[in-house]
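Enquirer: Sharing a structure, written as structure tokens. Questions coming.
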Ligand code: FES
Ligand code: FES
């Protein structure tokens, strides 16, 4: 039961034609096929492909689309095995059902960690291949010929002198035995997987205005709710006066949130809701409110990285041995780093709609990233049996991690707003950009201090790395599996597990209490750890008088798979960017390479200009190894996007607090990357036969340090972000 | 009573004269192709054409549009529009897609006034249209491609 998400392209469910053949997996992992009615009744069956009696093929997509290309990628797998044109296969989002649509990497239904392709590649191909074999078997039986003589292509089965559309065989195919191990197409026969020039499956609605995002839903009789949020974490509504709001034509009523952390403002339309919110006057109780500022926690965290760490993460050498090794080293390179909080600020401000069902249940309409988590949470908030809650997935105007969090915060807020109504009308909660920027769940702030000892030949003898940061897992339901022996792995990922052969590595971590909620943010801990590792390595290579690419390659010469693949992308990016040739007069280049989410990405940034009068980012060259590539253009697009996202924030973004209040509020003070900021991006894919790995996030981590290393070549080494707060200006 | 046309159809509005056109389009006319991104003129997601010129509908009051003709993403028909949409499709520009209505309206505005823009002119004209997915490189390329398509 999904709904029409783009009026032209994505349709499924009741309105479409009857489905005759549904193929998917049983809970055991075995392939199964069943007619539609049986599929509905069978709870342990996961449909991946449906074929109607008219021969229309639909791919059932278990991950949501936030722009990362999932609908294109997963539909490609079905289309490939059925030899169909990608544009002829319909797309439907799967309903929320945790048992059915588990993300194999996460153990629950959800999208994140760049796992969509990795965990679905075999499932979807097997389902598509089984459908093909069953259709062909049905045709072979009807024509009384051998299945081996028949082929299926573009919706037509032909061979043995005969030819007919698959519609003729769908019903009979549903009765055929399901192949336990259908034969997957040989890669040499691929016409979609790995091919260039394949058009995205979600373009048309997004270029003609018909694509439906959560924000676009308009249900009959709907009420809009805007939320006046507490200005600081922990502040409570003492009292409020809505008499000013009464002047606003569409205003309906205002009610304090159940926990007094804000006021819900109900209106007939969005503008009225915003205007009425503006007109409220609220007395806040700040007794239990956060009152620290970013300056306070920054000073505290800088002290932490200059003290003994709370947790030992890795100790090739003990703290004392590391200190001794540094004391006797020929040179010690040291630096302190600061990473501010960052907002995700996806283009679509957060919103969702809750509408009543006739049986007293509700439907949540949302670009929902973690349906498995949201489903029971919303049921709990509304005191409903989970069977009375349905989630309809709409397109999401970006996420970058924000839509997925342990508390399902904005979904819960909408449910709370709905709970205060008489539950007879749909309630659409709309956040403004200001709500979105100030709404917490930020990339945690981090401080690092690193001291690296070198011997006379420039070889590393000790690496003492101290981190202070805000754990995204502690105190949440994810703590149990993300925190081990006190260490939130996402606070340190990319350092203790670095593929570089760094002798004498000592890594320590100290936790700092955040000023508001913190959360994963596109590429999570790698956003800061890669910056530190890769800028330190540049400083070390320089101190050793060696080329930064060569220096890294030496640390990657150990022959492990990780090292080989990292070295592979590093060589490729050096080659494609012309690294061995001197940069043009007035230009400088910087390199960085990092593994995250199973993928290996190297980037070289070329800049020109001066730090004082303006730096121009001339070009970013990128090489990526993400295993088998389903759609090269989607991979390239994700690298381009990751590079832009990473670089834009490193250049000029920070969320700061003053007296517990967020200082920034909209794009004028949380300025996004703009078109003129990066003149060109050039992405190269390194061929691989390994299983497909993520692409949504891995483009981000190397981009910041590659830019920093390039700007260091213009004379300024930036270790405290963002760059604009260090006297760096950009053209 | 404010009278105007949207995509050639006549409309009349009698409410708050200071309501931005954006909310008339989205909530009253239920034409949701025009997006709400920032509400303060900083992102361009809400771009429409007012008498042929790209404007930010979040900064355009209802009182400003008396007698005007508005074109939205749903009403694009011109040669430049078709070229832009085709180029967007060919070059796989979209990611999440939320900014793209505004990008397309702005790009059409550029090509109508300047059918063969230099890269620097593209950058300058498009600088007010934010894309958090950072599809800029492809937008730039697609505008160049659309310019070629218009010549054909
Ligand atoms: S919504 Fe109008 S410019 Fe952002
Ligand atoms: S495509 Fe996502 S904001 Fe532009």
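Enquirer: How high is the relative contact order of the range B:1-87, given as a whole-number percent (alpha carbon pairs under 8 Å, six or more residues apart)?
Expert: Answer for the range B:1-87 is 35 percent.
Enquirer: Ok, one more. Considering the range B:79-151, what Rg and Dmax in Å follow from its alpha-carbon atoms?
Expert: Over the range B:79-151's Cα set, Rg and Dmax evaluate to 10.7, 31 Å.
Enquirer: Between the alpha-carbon centers of the range A:186-235 and the range B:30-44, tell me the distance in whole angstrom.
Expert: 15
Enquirer: Over chain A, calculate the relative contact order: mean separation of alpha carbon pairs under 8 Å at least 6 apart, over the residue count, as a percent.
Expert: That works out to 13 percent.
Enquirer: Going by Cα centres, the range A:370-416 and the range A:468-503 are how many Å apart?
Expert: Each part's Cα centre sits 26 Å from the other's.
Enquirer: By how many degrees, 0 to 90 and rounded to 10, does the Cα axis of helix B:136-151 deviate from the longest principal axis of chain B?
Expert: 90
Enquirer: Further question: Given N residues in the range A:268-390, what is its alpha carbon radius of gyration divided by 2.2 N^0.38 Å?
Expert: That ratio works out to 1.86.
Enquirer: In addition: If you average the sequence gap of Cα pairs under 8 Å that are 6 or more apart and divide by the length of chain B, what percent do you get for the contact order?
Expert: With pairs under 8 Å counted, the relative contact order is 25 percent.
Enquirer: A further question follows. Rounded, prolate or oblate: which fits the protein assembly as shown when a ≥ b ≥ c are the square roots of the eigenvalues of the alpha-carbon gyration tensor, with rounded for a/c under 1.5 and prolate only if a/b beats b/c?
Expert: Rounded.
Enquirer: Only Cα pairs within less than 10 Å get springs; with that Gaussian network setup on chain B, which residue of B:64, B:16, B:51 has the largest fluctuation?
Expert: With Cα springs under 10 Å in chain B, the top fluctuation among B:64, B:16, B:51 is at B:16.
Enquirer: Counting just the Cα atoms, what span does the range A:576-654 cover along each of its three principal axes? Round to the nearest Å and put the largest first.
Expert: Its Cα atoms span 43, 35, 20 Å along the three principal axes.
Enquirer: Using only Cα atoms, tell me the angle between helix B:79-90 and the longest principal axis of chain B; keep it within 0 to 90° and round to the nearest 10.
Expert: 60
Enquirer: If you split all Cα-Cα distances of the range A:432-522 into 5 Å bins from zero, what percentages do you get per bin, shortest first?
Expert: 3, 12, 20, 19, 15, 11, 9, 5, 3, 2, 0, 0
Enquirer: Let me ask something else. So for chain B, Kirkwood radius off the Cα pairs, Stokes-Einstein at 4 °C and 1.567 mPa s: how many µm² s⁻¹?
Expert: 84
Enquirer: Please order B:101, A:471, A:188, A:307 by the number of other Cβ within 10 Å, starting at the fewest.
Expert: Placing the least packed residue first, the sequence is A:188, A:307, A:471, B:101.
Enquirer: What value, in deg cm²/dmol to 500, does the helix sum -39500 (n - 2.57) over DSSP H runs of n ≥ 4 give at 222 nm once divided by the residues of chain A?
Expert: -8000 deg cm²/dmol
Enquirer: By how many degrees, between 0 and 90 and to the nearest 10, does the Cα long axis of helix B:100-113 differ from the longest principal axis of chain B?
Expert: 80
Each reported figure results from applying straightforward, stated rules to the coordinates on display, with no laboratory input. Everything numeric in this text was worked out from a predicted model, so none of it was measured. Neighbour counts are summed over all protein chains in view; Cβ atoms, including those assigned to glycine, are modelled from backbone coordinates with ideal geometry.
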